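In what follows, a structure is listed as structure tokens, so that the remarks can point back to it.
The values are calculated or read from the model by the stated rules, or taken from the named source; none is laboratory data. Computed from a predicted model, the values in this text were never measured in an experiment. Because the Cβ atoms are built from the backbone with ideal geometry, glycine has one as well, and the counts that use them run over all protein chains shown.
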Amino acid sequence: MGPPDPEHIAQLAGSQVHTTTRISGGYVSDAIRVHMTNGQSVFVKHTRHAPAGLFRSEAAALAWISDAGVGVPDVVGVGDDWLALEWIDEGEFTPASQEALGRDIARMHRVGAEQFGAPWDGFAGPVPVPNDARDTWPAFLAECRIIPLAHASSLPAEIWRRLDSLLANLPDLLGPPEPPARVHGDLWAGNRMVNSEGVPVLLDPDAYGGHREMDLAMMRLFGGFPERVFDAYAEEFPLEPGWADRVKVNQLVPILVHCAMYGGKWIGDADQILRSVG
């Protein structure tokens, strides 16, 4: 299927098309900005041959995060291979905005979830993964994230042996049990912004009921989150002792996502994590 008709998108937003602009920078989806005659804009992303449920799951996840009181773009419309969102003008990531972001993430986590999992389809990046409920966090992490992503990554046999060892010891590696947190699921710096009023906004979630340390480990993986964000988080919702020792194992999932998407050096990075925590 092709991208949605901009006129249809504008009608969903209660206006008409003025112009459209192609947006660069997406590594999974194509994107356009629909400028409307009422002066507002809509952001539309489209993926050819999108996995079934991809954008409908994102729309559901955005609503779920919004219910926790955290800023997200409003959903204008959604289809099988497209998602239309309100356009948000970006502001400056000031120290005050950094503190607000840390506290917002903490509050989102604290609101929690009914279960480990989610009632919508799971996607780690573009890779379909199960979101079926599990009774414990180690079971969900192993069965719904690590194992499916490892199978999608064509890992060598020797890395699989190290992965099997990690899975056997996973409950001991994950720290004290906690209730399910409401996690974003893909919280790198490209999926957070600040609007023109300085209010933090989260984007592109793979949200589910999980462990909050997953989001925090992802935030540290690629950088882009000043320490002020983590300090504000800790003031709002302190972490359990030993959290720093668990960062590496909690970074395995996003590394496996990159293994599944790109292979190459990412498989070596996954092996380094397995060696360091094994």
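Looking across segment 144-175, the residues that are under 18 Å from Ala260 (Cβ atoms), of a type in the set (Gly, Ala, Ser) and either touching a residue at least 40 places away in the same chain (Cβ under 8 Å) or in contact with a Cys (Cβ under 9 Å, 6 or more places away or on another chain) (or both) come down to Ala150, Ala152, Ser153, Ser154.
Scanning segment 226-250 for residues that are under 15 Å from His109 (Cβ atoms), in a loop (DSSP other than H, G, I, E, B) and of a type outside the set (A, V, I, L, M) gives Phe237, Pro238, Glu240. Of the residues in segment 231-241, at least one is within 24 Å of Ala61 (Cβ to Cβ) and touching an Asp or Glu at 6+ places or on another chain (Cβ under 6 Å).
Among the residues of segment 178-189, those identified as at negative phi and either buried (at least 20 other Cβ atoms within 10 Å of the Cβ) or at pLDDT below 95 (or both) are Pro180, Ala181, Arg182, Val183, His184, Asp186, Leu187.
Quick check on segment 203-220. Is at least one of its residues surrounded by fewer than 20 Cβ atoms within 10 Å (Cβ to Cβ) and among the small types (Gly, Ala, Ser)? No, that holds for no residue.
One line per residue, one yes/no per condition, for (1) assigned by TED's automatic domain parsing to the domain that holds Pro177; (2) over 21 Å from the mean Cα position of the chain (by Cα); (3) aliphatic (A, V, I, L, M):
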residue	(1), (2), (3)
Ser29	no, no, no
Lys45	no, no, no
Ala50	no, no, yes
Gly112	yes, no, no
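Annotation note: of Gly77, Gly102, Gly53, the sole residue that is closer than 17 Å to Pro205 by Cα, buried (at least 19 other Cβ atoms within 10 Å of the Cβ) and not aromatic (Phe, Trp, Tyr) is Gly102. Of everything in segment 121-157 that is assigned to a strand (DSSP E or B) and over 19 Å from Val249 (Cα atoms), the residue that is farthest from the chain's Cα centre (by Cα) is Arg134.
Residue count for segment 108-166 satisfying the condition of being surrounded by fewer than 15 Cβ atoms within 10 Å (Cβ to Cβ) and among the aromatic types (Phe, Trp, Tyr): 1. The lone criterion from (1) more than 26 Å from Gln98 (Cα to Cα); (2) surrounded by fewer than 16 Cβ atoms within 10 Å (Cβ to Cβ) left unmet by Leu174 is number (2). Take the residues in segment 30-50 that are buried (at least 16 other Cβ atoms within 10 Å of the Cβ) and farther than 17 Å from Ile88 by Cβ, then tell me which one is modelled with the lowest pLDDT. Of everything passing the filter in segment 30-50, Ala50 is modelled with the lowest pLDDT.
Within segment 222-244, residues that are touching a residue at least 40 places away in the same chain (Cβ under 8 Å) have Cβ atoms under 6 Å from residues that are surrounded by 12 or more Cβ atoms within 10 Å (Cβ to Cβ) and of a type in the set (Val, Ile, Thr) in these pairs: Tyr233/Ile105, counting only partners at least 6 apart in sequence or on another chain.
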